[in-house]
Structures are given as structure tokens and as C-alpha cells.
Amino acid sequence: MALMDFIKKQFIDILQWTEDGDGTLAWRFPMAGMEIQNGAALVVRESQMAVFVNEGQVADVFGPGTYKLTTQTLPVLTYLKHWDKLFQSPFKSDVYFFSTRQQVDQKWGTPQPITIRDKDFGAVRLRAFGNYAYRVADPKLFHTEISGTRESYPATDLEGQLRGMVLQNISNAIAGSGLPFLDLAANQVMFADALRKELAPAFEKIGLKLEAMTVQNVSLPEELQKVLDQKIGMGMVGGDMGRFMQYQTAQAIPKFAEGAGTDGGVAGDAMGLGAGVALGQVLAQNLQQGLQGGAAQQAAAVGVRPEEVMATLEKLGDLKAKGILTQEEFDAKKAELLKKLV
């Protein structure tokens with residue numbers, strides 16, 4: 001009796017995988033020197049697939065269902081092993097199960113700003129992050145390209161590779177979308193869709209299907225964001241340099257008040273605005289011009305000293321170098337300031 005029990009234990013009459021946790025993409029059924037009983041049951045649950053491998057060569061692939069393993073249900077394996085149609089003996093084969101559930105909330109992001117071409121700004125360095133979801137769609141391809149003969153293959157082992165694929169294709173996705181940066185930041189759904197279309201073929205090459213892609217944030221580095229804010233300010237006043245300086249003057253008044261009680265803070269705050277207006281009298285004159293629509297423009301020259309004009313020119317030069325001012329706007333303002341020295 002003991003001998004018969006021992007013999008029975010050498011044959012497997014049911015093959016199945018009851019997943020005991022999340023995150024496992026592939027799992028090899030433990031044979032431990034045993035053989036599969038002819039007529040044994042193969043149970044493949046929903047969200048699973050099974051693959052028979054004979055001496056390293058992928059044979060039959062099974063989707064969800066319950067199967068009786070015979071030469072009829074294992075045609076490829078039968079061919080590889082040269083079985084007769086009446087073959088009924090136990091046999092050896094590696095059996096791999098694959099989880100086809102979605103692997104959700106996979107994070108991606110740009111650790112450093114990436115440079116892209118932009119219609120409005122020429123070149124922009126941006127940051128972006130979001131998440132994505134994928135599943136195993138072709139277990140045969142995934143086995144040969146990724147998981148191989150390992151006892152199990154966790155999703156964590158694939159994270160770095162997939163995240164690198166996302167980052168590698170961001171520039172191509174942006175270029176393919178045809179959207180400038182400002183529209184891109186405002187329409188993250190469209191950006192995510194363009195990125196998903198760009199990535200889908202790369203996922204398919206390793207047996208995966210990219211199910212979802214989200215972009216949660218698109219932003220510029222802090223220094224470029226400041227330049228963009230200034231350019232937006234120019235746009236608010238229609239690109240008119242005089243009105244832009246009035247806008248900057250209005251922005252300066254709260255900072256001027258905050259720094260009034262500190263030594264040396266007033267001049268530093270005012271000059272740092274890039275408008276070229278340093279102290280109280282000039283601030284008041286520019287603000288008055290904005291309120292009167294430019295009717296009192298001649299008052300701007302009152303009390304202006306040569307060193308203030310030179311400081312203004314330096315700040316305007318910085319704005320031109322950053323692309324906020326055009327050469328024509330800079331030349332016009334330069335001529336206007338130099339007249340005040342006469």
C-alpha cells in the first residue's frame with residue numbers, strides 16, 4: 001500500500017495556480033522531478049494564461065478554462081515529442097502560469113528636467129510625472145523576452161525598464177502631439193494619450209499591453225517659470241513696453257512698502273524687478289502714466305539720474321537676453337532712456 005501511495009505521488013493530476021498576492025507576473029508550476037498524468041486537469045482561472053514549454057521551446061498556450069490534458073488538447077507538445085495519437089503515458093513538461101490582471105498605479109516621472117523643442121519658446125526644459133497601467137497580453141512573447149525559466153517573475157523587476165521606456169519616449173510624444181508647452185500643460189489628457197500611443201509598440205514588443213497612461217503634472221524648473229511669468233505679464237499688456245513697466249511698477253509697490261523699514265532693502269527690491277525704476281519718485285511717475293493712459297509721459301524724465309538710466313538699460317538687456325523683449329522693443333526703450341540724459 002505504501003509503495004502504491006509513493007507511486008501515485010510521482011504523477012500530477014491537476015495543475016493550477018492560486019495567486020497568494022499581487023505583483024507576480026509569471027510563476028512556474030513546481031514539478032520536483034514528477035510527471036504529468038495523461039488526462040490530468042489544467043485549471044486556468046480568469047485573468048490567467050498557461051504555457052507548456054518542452055525543453056526550452058514554447059508549445060501550447062491556454063487561456064481561462066479547465067482542460068483535460070491529452071494529445072488532442074496538446075497538439076504542439078504532441079508534435080514536439082513525436083507522440084502517437086493513442087499516447088496515454090505520463091509525461092514531463094514545464095508549465096508556466098501568467099497573470100493577465102492589470103498592474104495599476106505604476107509611477108513614472110522625470111528625475112531631471114528634459115529639454116524639448118517648443119513652438120512658442122524654442123526650447124523648454126520641463127518636468128512631468130504620472131502613472132500607468134499594463135498587463136501581460138502575449139505570455140509566449142513575455143516568456144521568451146523577459147521572464148524566461150525563473151520560478152517566478154515579480155512586477156517590481158520590470159519597473160525600472162518600463163519607467164525608462166516612458167522617459168525615453170516623452171520628447172517624441174510631445175513632438176507628435178504638435179502642442180506647444182502652454183497648451184500641453186493645460187491639456188494633460190491629450191498629452192497622456194499622445195504618450196500612450198508612442199509607448200504602445202514598445203510594450204507590445206515584450207508581450208505587454210499598455211492599458212492606461214496618466215499625466216498628473218507638467219511644470220517648468222523654477223528659474224524658467226519666472227521667465228514665463230514675466231512673458232505672461234507682457235502678454236497681459238499687449239506687448240507694450242511702457243505698459244509693461246507700469247505693470248511692474250504696480251507689482252513693486254507692495255514690496256516697496258515691505259522693505260521701507262529695512263536698511264538698503266528698498267533699492268534692492270525695486271531694481272530686482274527688471275523694470276529699471278529704482279526709487280519712490282520714479283515709481284509714482286510710472287504708476288501715474290498707467291492710470292492716465294500715458295498722458296503724462298513727459299513726467300518720467302523728472303528726477304531721473306544717469307546711474308538710474310544705466311541700471312535700467314542693464315535690466316532691459318537681461319530681459320532681451322531671456323527672450324522677454326524683442327530687439328526692436330529694447331532699441332526703442334534704449335533710445336527713450338538715452339534722451340533723458342540729454
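Numbers for the structure displayed
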item: Shape parameters for region 1-149, alpha-carbon atoms, Rg then Dmax in Å; result: 22.1, 85
item: Accessible surface ranking that places the most exposed of His143, His82 first, with a 1.4 angstrom probe; result: His82, His143
item: Contact order relative to length of region 50-155, as percent, for alpha carbon pairs under 8 angstrom and 6 or more apart; result: 24
item: With all protein chains modelled, accessible area of Val43 [1.4 Å, Å²]; result: 30
item: From phi via Karplus (6.51, -1.76, 1.60), per-residue ³J(HN,Hα) for region 107-116 in Hz, x at Gly/Pro; result: 7, 9, x, 9, x, 10, x, 10, 9, 10
item: For region 85-91, 3J(HN,Hα) per residue [Karplus equation, 6.51 cos²θ - 1.76 cosθ + 1.60, θ = phi - 60°, Hz, x = Gly/Pro]; result: 4, 8, 4, 9, 8, x, 9
item: Inverse of mean 1/r across different Cα pairs in region 58-105, Kirkwood, Å; result: 12.7
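The values are calculated or read from the model by the stated rules, or taken from the named source; none is laboratory data. Predicted model, so just to flag it, every value in this text is computed and none were measured. For accessibility, only protein heavy atoms count, side chains too; no ligands or nucleic acids. Shrake-Rupley method; radii C 1.70, N 1.55, O 1.52, S 1.80 Å.
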